[in-house]
1. Given the structure, is residue 108 assigned to a helix (DSSP H, G or I) and either closer than 21 Å to residue 33 by Cα or open to solvent by 40 Å² or more (accessible area, probe 1.4 Å) (or both)?
2. Considering only the stretch 109-141, state which residues are within 15 Å of residue 64 (Cβ to Cβ) and free of Cβ contacts under 8 Å to residues at least 12 places away in the same chain.
3. Just for helices (runs of 4 or more DSSP H) wholly inside the stretch 1-104: which have at least 2 residues that are open to solvent by less than 60 Å² (accessible area, probe 1.4 Å) and modelled with pLDDT under 95?
4. How do the pairs read when you match residues in the stretch 72-98 that are farther than 20 Å from residue 62 by Cα and touching a residue at least 24 places away in the same chain (Cβ under 8 Å) with residues anywhere that are exposed (fewer than 13 other Cβ atoms within 10 Å of the Cβ) and not β-branched (Val, Ile, Thr), using Cβ under 6 Å and keeping only pairs 6 or more apart or on different chains?
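The values are calculated or read from the model by the stated rules, or taken from the named source; none is laboratory data. The shown structure was predicted, so the numbers you read here are calculated from the model rather than taken from an experiment. Positions of Cβ are backbone-derived with ideal geometry, glycine not excepted, and every protein chain shown enters the neighbour counts. Surface accessibility is based on the protein's heavy atoms, side chains included, excluding ligands, DNA and RNA. Shrake-Rupley method; radii C 1.70, N 1.55, O 1.52, S 1.80 Å.
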Amino acid sequence: MIASQRATTTPSARRQRALLFAAVVGAASIDGVTKLAAKATLDDGPTHIIGPIALKLGHNSGVAFGLGATGPAWIVLAVTAVVIAVLAAAAWQGRFASPLAAGLILGGAVANFVDRISDGAVTDMIDVGWWPTFNAADIAITTGVVLLVLAQLRPAAHPAATARRQPLRPTIEYELVTTSEEAAASRFAVRRRS
């Protein structure tokens with residue numbers, strides 16, 4: 001970033017970028033920890049949690065729902081890297097309605113990308129029986145998309161609504177009082193209006 005850009009970054013933009021960064025790191029970290037735990041504990045078979053939900057170790061060499069699993073791995077990695085780079089640039093520039101939503105989407109995408117690079121496939125562990133097995137990164141991406149849609153549907157703040165949210169400050173009105181003699185002498189008096 002050049003000096004002129006740095007100087008024009010507002011406190012609001014810095015807060016939004018901090019939230020974006022925190023969401024990316026948080027989502028990727030949670031996903032990484034859950035994948036390590038799943039690899040260490042689920043080799044013996046699924047673990048039933050409650051109702052139809054179970055923890056079951058799975059590996060997805062494709063993208064969402066196994067699409068592209070038969071294609072060359074380098075193509076999946078290259079396309080994923082380009083999508084992540086474009087999303088990251090747009091999020092950093094504040095082009096998303098919600099930095100939290102953008103951070104969750106990016107964090108999940110980065111976590112799955114890193115997992116795919118290290119293992120050749122994405123590790124999944126949450127099985128609900130009627131849906132493909134997924135992981136914490138997938139939850140972050142889905143949550144981010146839902147939050148982004150909700151942020152887009154929220155009506156834009158009207159200037160009058162924004163003004164109403166400003167702290168109330170007492171207003172004191174003054175009036176200019178002149179008499180014909182004062183006006184002739186170019187003098188005037190200020191009196192507080194009651």
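1. Answer is yes for this residue.
2. Once the filter is applied, which keeps residues that are within 15 Å of residue 64 (Cβ to Cβ) and free of Cβ contacts under 8 Å to residues at least 12 places away in the same chain, the stretch 109-141 yields 131, 134.
3. Working: elements: 3-8, 11-41, 73-92.
Where helices (runs of 4 or more DSSP H) fall fully within the stretch 1-104 and carry at least 2 residues being open to solvent by less than 60 Å² (accessible area, probe 1.4 Å) and modelled with pLDDT under 95, they are 11-41, 73-92.
4. Pairs found: 97/152.
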